[in-house]
Amino acid sequence: MNDREIIMEHYQHPLNRKKNDDPMYLHVNTRNESCIDNIDLYVKFNDNIIEDITFMGEACAISISATSIMIKNLIGKTCEEALNYIREFYKMTNGEEFNENILKEGCAYSDVARQGHRKTCANLPFKGIEKAILSHLR
Amino acid sequence: MNREDFPLLKEDIIYFDNGATSLKPVCVIDKIKEYYTKYPVNAHRGDYDLAYKVDQEYENTRELVKEFINARDLEEIVFTSGTTEALNMIVEGFFAPLLEPGDEVLLTMSEHASNVLPWFRLPKKKGVLVNYIPLDSNYYLTIDNVKKMISPKTKVISIAGITNVIGDIRPIKEICKLAHENNIFVCLDGAQMVPHMKVDVTDLDVDFLAFSAHKMCGPTGVGVLYGKRELLEHLEPTILGGGMNESFDTPDEIYLKELPARLEAGTRNIAGVIGFGEAIKYLNAMGMDKIHKYEIDLRKYLIDKLIPLKHIDIINIESDSGIVTFNVTDVFSQDVAYYLNKYNICVRAGNHCAKILKSSVGVNNTVRISLYFYNTYEEIDDLVELLSDYQKIVKEMI
Ligand SMILES: Cc1ncc(COP(=O)(O)O)c(C=O)c1O
């Protein structure tokens with residue numbers, strides 16, 4: 001699949017898009033400056049491991065698909081591995097050198113992120129999960 | 001109309017986001033440049049020729065604004081940084097001191113945040129009630145609903161003349177008449193109305209009016225607070241400093257200037273005000289009635305072409321202004337905006353700073369097209385062609 005197909009697949013069939021009232025999950029909301037993309041993430045930690053992530057929300061194709069790809073790649077990772085993944089993702093959307101082996105499908109956004117505000121859309125779920133991890137580690 | 005006056009329109013771009021701000025004609029840009037190159041000094045401060053020239057230019061804009069909205073006195077025209085600042089001054093400087101616990105402010109659900117949030121400070125601060133006049137099924141404000149809502153506790157109705165999401169024109173004159181018969185003040189948010197049609201404050205009999213220069217071919221950072229003189233005399237300055245006082249010695253001995261200087265503290269946006277004067281002259285030369293009629297015709301042309309498209313859900317089929325709000329089936333509004341952006345078409349996606357969509361229409365976000373006199377039928381054809389092909393939208397939205 002090419003980048004566009006990967007993004008469309010995750011947009012049309014996102015992973016774990018469901019509301020989550022389970023008290024074991026940490027809830028974080030993440031939205032961009034124009035207040036239009038708006039995503040709620042629900043994260044379950046088992047000690048240092050991200051055991052599960054689900055999400056709800058209304059957002060553009062880029063934000064929704066990036067959330068799904070993030071969920072796919074971060075579940076099962078330790079907090080440190082996840083933070084490392086997030087760092088690589090930001091490097092890519094900043095147009096810097098990044099590690100493709102770490103990002104896997106996440107690489108699909110290397111072009112999209114160059115289109116002005118779209119970068120913010122792609123980063124959005126990562127900003128949210130980063131907040132959740134940091135507050136868990138504290 | 002008048003496309004040749006707008007430098008940006010020489011580029012390959014279609015600008016449909018006039019509700020956010022308008023483009024600037026070359027005469028306004030030149031006027032601002034003239035200030036910065038030929039007499040770039042402060043207003044109301046100097047005794048030399050250049051300072052005199054600036055004063056003349058600055059006050060000339062006040063004269064132009066006064067005539068443009070048909071105010072009675074020059075003192076009724078106060079320059080602000082925009083609609084938002086003007087509305088905050090009206091609420092904080094006039095109504096906050098006046099209103100008492102249990103008094104009621106009436107708004108509607110389709111007001112812009114700038115005409116809601118300033119009022120929201122009053123319940124906590126003063127025990128004032130903020131309530132909403134219901135809208136009809138087209139999201140219009142009818143005089144009957146105003147009648148139903150007002151009561152002896154109602155002290156002010158604050159509404160937009162044209163709303164920025166639905167684009168309906170409110171019956172302001174009738175509302176003012178009804179309000180005044182009941183001792184209620186009317187505050188008019190003219191941000192979307194003054195740029196697009198003739199607004200005559202004397203004929204409408206509004207008590208306060210706020211609007212922004214940047215939505216009417218003028219520069220950013222300039223707006224107007226109009227108030228009936230007898231009311232403005234009671235509007236307490238919310239910002240104090242240079243230019244607005246006669247003298248000061250101790251906290252108990254501060255003597256303020258007369259209107260309007262009292263409400264224009266600090267160095268104003270002089271370049272902006274002077275440029276704004278040029279924008280008013282420009283609009284006057286075109287004629288506000290002509291502009292309004294052109295926009296209505298253009299909108300009708302657009303709506304007639306959008307209605308047959310099954311995948312386009314228009315929120316405001318009816319409306320007498322240049323605003324069209326819609327969604328494309330199963331496509332997020334921002335993705336539609338990005339798709340059109342690929343073809344150099346500028347439209348706005350989002351909630352447009354108003355609660356109406358969420359609370360009444362039942363959608364959080366939409367695409368908004370807002371027209372101005374320089375838009376053309378050909379531009380509408382280009383837009384409609386791009387919106388006609390649903391598969392293309394889905395394919396090219398990312
Ligand atoms: C109806 C309405 N009121 C108020 C405003 C605020 O205007 P400004 O940002 O120029 O202060 C706007 C601008 O979008 C508007 O559309």
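Observations
- Residue match in region B:120-128 (condition: more than 14 Å from chain A (Cβ to nearest Cβ), more than 15 Å from the ligand (Cβ to nearest atom), open to solvent by 40 Å² or more (accessible area, probe 1.4 Å) and β-branched (Val, Ile, Thr)): no
- Evaluating B:Tyr294 against the criteria (1) within 26 Å of B:His196 (Cβ to Cβ); (2) of a type in the set (Ser, Thr, Tyr); (3) within 14 Å of chain A (Cβ to nearest Cβ) leaves one unmet condition, (3).
- Annotation: of all residues in region B:77-115 being open to solvent by less than 10 Å² (accessible area, probe 1.4 Å) and in a loop (DSSP other than H, G, I, E, B), the one that is nearest to the ligand (Cβ to nearest atom) is B:Gly82.
- Subset of region B:323-353 that is open to solvent by less than 10 Å² (accessible area, probe 1.4 Å) and of a type outside the set (Val, Ile, Thr) - its residue that is farthest from the other protein chains (Cβ to nearest Cβ): B:Phe326
- So B:Leu141, is it within 16 Å of the ligand (Cβ to nearest atom) and within 18 Å of B:Leu178 (Cβ to Cβ): yes
- Enumeration of residues in region B:267-291 that are open to solvent by 40 Å² or more (accessible area, probe 1.4 Å) and not aliphatic (A, V, I, L, M): B:Thr267, B:Arg268, B:Asn269, B:Lys281, B:Asn284, B:Asp289, B:Lys290
- Of the criteria (1) modelled with pLDDT of 90 or more; (2) open to solvent by less than 20 Å² (accessible area, probe 1.4 Å); (3) more than 11 Å from every other protein chain (Cβ to nearest Cβ), which one B:Asp381 fails: (2)
- Single condition B:Thr220 does not satisfy, out of (1) in contact with a strand residue (DSSP E or B) (Cβ under 9 Å, 6 or more places away or on another chain); (2) open to solvent by 10 Å² or more (accessible area, probe 1.4 Å); (3) hydroxyl-bearing (Ser, Thr, Tyr); (4) not in a loop (DSSP other than H, G, I, E, B): (4)
- The condition of being within 14 Å of chain B (Cβ to nearest Cβ) and over 21 Å from B:Asn327 (Cβ atoms) does not hold for A:Asp22.
- Test result for B:Arg299, open to solvent by less than 60 Å² (accessible area, probe 1.4 Å) and within 14 Å of another protein chain (Cβ to nearest Cβ): no
- Count of region A:10-56 residues which are of a type in the set (Phe, Trp, Tyr), within 13 Å of the chain's Cα centre (by Cα) and within 15 Å of A:His136 (Cβ to Cβ): 1
- B:Val186 open to solvent by less than 50 Å² (accessible area, probe 1.4 Å) and part of a loop (DSSP other than H, G, I, E, B): no
- Selection status of B:Asn60, over 30 Å from B:Val324 (Cα atoms), in contact (Cβ under 8 Å) with a residue 40 or more places away in the chain, out of contact with any strand residue (DSSP E or B) (no Cβ under 9 Å at 6 or more places or on another chain) and open to solvent by 40 Å² or more (accessible area, probe 1.4 Å): yes
- None of A:Glu96, A:Glu105 is at pLDDT below 95, of a type in the set (D, E, K, R) and either assigned to a loop (DSSP other than H, G, I, E, B) or on the phi > 0 side of the Ramachandran plot (or both) except A:Glu96.
The values are calculated or read from the model by the stated rules, or taken from the named source; none is laboratory data. Just so we're clear, the structure is a prediction, and the values are computed from it rather than from any experiment. So basically every Cβ, Gly included, is an ideal-geometry build from the backbone, and we count neighbours across all protein chains shown. Areas reflect the complete protein model, heavy atoms only, side chains present, ligands, DNA and RNA absent. Shrake-Rupley method; radii C 1.70, N 1.55, O 1.52, S 1.80 Å.
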